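The values are calculated or read from the model by the stated rules, or taken from the named source; none is laboratory data. No experiment lies behind these values; they were computed from the predicted model shown. Cβ coordinates were reconstructed from backbone atoms using ideal geometry, including for glycine residues, and neighbour counts include every protein chain displayed. In case anyone asks, the SASA skips ligands and DNA or RNA and just uses the protein heavy atoms, side chains included. Shrake-Rupley method; radii C 1.70, N 1.55, O 1.52, S 1.80 Å.
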Amino acid sequence: MKTKHIYKLLLLVLSTALITCEKADSDKDWGNSLIYMPQAALLDGGNTIHYPVPFDKNAALQNYIIDSTETNTIKVIMGVYRSGLEELQGYSVSVLPNPAVLQQKLAEIENAFELPADMYSVPETVEVPDGQRGVNFYLTIDRERLLEEYGYLWGKSMILALSLDKPTRYALNDKLSTVVVVINMSEFVPEPELVNILPGGEFNPEDEALWTIVKQDPMTHDANVSLAGGKLSLSTSPGSLQTNWAIYQAVEVEQGKRYQLRGDIETEDVSNGWLEFYLHPNEPEYGGDYGSGRLLEFSSWTEGCLGTISGKIEELYCGGSTSPGAIFTSNFSGSVFFVIKAGVWDGAIGKIEIDNLKILELED
């Protein structure tokens, strides 16, 4: 099965190479023979020269192999390729780290760390025989050390910049002869045990006492708001109506500390509605309309955001002040209120269900 996946990835690499060649064919310098790394163009045509590992969540596009039998290594699939219509003569090219590009990308990529030089190996020279446009090679990473020494980097990226140099024949494509390998550490090291500061997010019967439910605008319609059955559930009667509710509890936070909101969400047929999450010292009041310290939001006015969805809160939300992944830094210290606000205006809620809700302290 691994062989099949690798084969499909190589087809993707080849396709990208051919596309690049076709674009060159339309230029004035049609047919130039240039050497490059296809991985530099796979993500976005070479705009960033980033090469994510894993490249895609689709297993068929896997771009690495884990060898856990003997060497306990991660082998990232790399390659060199030659464009142009000249006769395919053999060539070789050196592969070198590029410290200048690495430093630039460390400043650009959030939560990025350098892949230590003693943690990886690449061939010093890649040989391409007569009759071939290119070959693949491996960036080999010490998996054992990655697990033992760098597990704390879960959720971050290790990066490496590699460049081609000294071709024995042809010229380099300057735009695509450097690639930045971006290794998603969450794929290769176990998630650390993080402290959850939000009790009662499983919404079990014993958790009901931890939450307070407050109707916001007293003139609006009632809704079915329940913490029974192992989920926080909201729904309304059929038809067009107005309703607005806050469900909240106090939690302890530390100013300047990073947190992540996680949870499961499932909705059906929500029209003209909202679901919002807040963190602030102000406590919700009956008859108010809570709006202090909004973290993230779902809205049925944004296509695909609330109407009928199912998945992870931290992946599906469509607005708010948090960083990607529902990560935020607390502006407060001490006791604050975590607030869930949901409602509709001239609309209805078929179902909103929330479960496994957590606020996790992230390691610095």
Given the conditions (1) in contact with a Cys (Cβ under 8 Å, 6 or more places away or on another chain); (2) crowded, with 17+ Cβ neighbours inside 10 Å, report the number of the one that residue 262 does not fulfil.
(1)
Applying the selection to region 65-75, what residues are in contact with a helix residue (DSSP H, G or I) (Cβ under 9 Å, 6 or more places away or on another chain) and either assigned to a strand (DSSP E or B) or modelled with pLDDT of 95 or more (or both)?
65, 66, 67, 73, 74
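Yes/no matrix, rows are residues, columns are (1) at pLDDT below 95; (2) out of contact with any helix residue (DSSP H, G or I) (no Cβ under 7 Å at 6 or more places or on another chain); (3) surrounded by 14 or more Cβ atoms within 10 Å (Cβ to Cβ); (4) under 22 Å from residue 159 (Cα atoms):
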| position | (1), (2), (3), (4) |
| --- | --- |
| 17 | yes, yes, yes, no |
| 20 | yes, no, yes, no |
| 27 | yes, yes, no, no |
| 54 | yes, no, yes, yes |
| 80 | no, yes, yes, yes |
Residues to consider are 236, 178; find the one that is closer than 30 Å to residue 55 by Cβ, touching a strand residue (DSSP E or B) at 6+ places or on another chain (Cβ under 9 Å) and hydroxyl-bearing (Ser, Thr, Tyr).
178
The lone condition residue 210 fails out of (1) crowded, with 20+ Cβ neighbours inside 10 Å; (2) farther than 29 Å from residue 304 by Cα is (1)
Mind checking which residues of region 199-211 are assigned to a loop (DSSP other than H, G, I, E, B), touching a Gly at 6+ places or on another chain (Cβ under 9 Å) and not aromatic (Phe, Trp, Tyr)?
201, 202, 204
Among the residues of region 337-362, count how many are more than 22 Å from residue 225 (Cβ to Cβ) and either free of Cβ contacts under 8 Å to residues at least 40 places away in the same chain or more than 18 Å from the chain's Cα centre (by Cα) (or both).
1
Those strands (runs of 3 or more DSSP E) completely within region 109-169 that have 3 or more residues that are open to solvent by 30 Å² or more (accessible area, probe 1.4 Å) are 135-142
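If a residue has to be of a type in the set (Phe, Trp, Tyr) and without any contact (Cβ under 8 Å) to a residue 12 or more places away in the chain to count, how many in region 197-225 make the cut?
Matching residues across region 197-225 total 0.
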Just for region 330-351: of the residues that are of a type in the set (A, V, I, L, M, F, W, C) and under 12 Å from residue 300 (Cα atoms), which one is most open to solvent (accessible area, probe 1.4 Å)?
345
Extreme residue, farthest from residue 239 (Cα to Cα), among residues of region 271-317 that are among the small types (Gly, Ala, Ser), exposed (fewer than 13 other Cβ atoms within 10 Å of the Cβ) and in contact (Cβ under 8 Å) with a residue 24 or more places away in the chain:
311
Scan 115, 106, 172 and give me the residue that is closer than 24 Å to residue 36 by Cβ and touching an Asp or Glu at 6+ places or on another chain (Cβ under 7 Å).
106
Scanning region 269-289 for residues that are closer than 22 Å to residue 326 by Cα and in contact with an Asp or Glu (Cβ under 9 Å, 6 or more places away or on another chain) gives 274, 275, 276, 277
Among the residues of region 88-103, what is the count of those that are out of contact with any Gly (no Cβ under 9 Å at 6 or more places or on another chain) and exposed (fewer than 14 other Cβ atoms within 10 Å of the Cβ)?
3
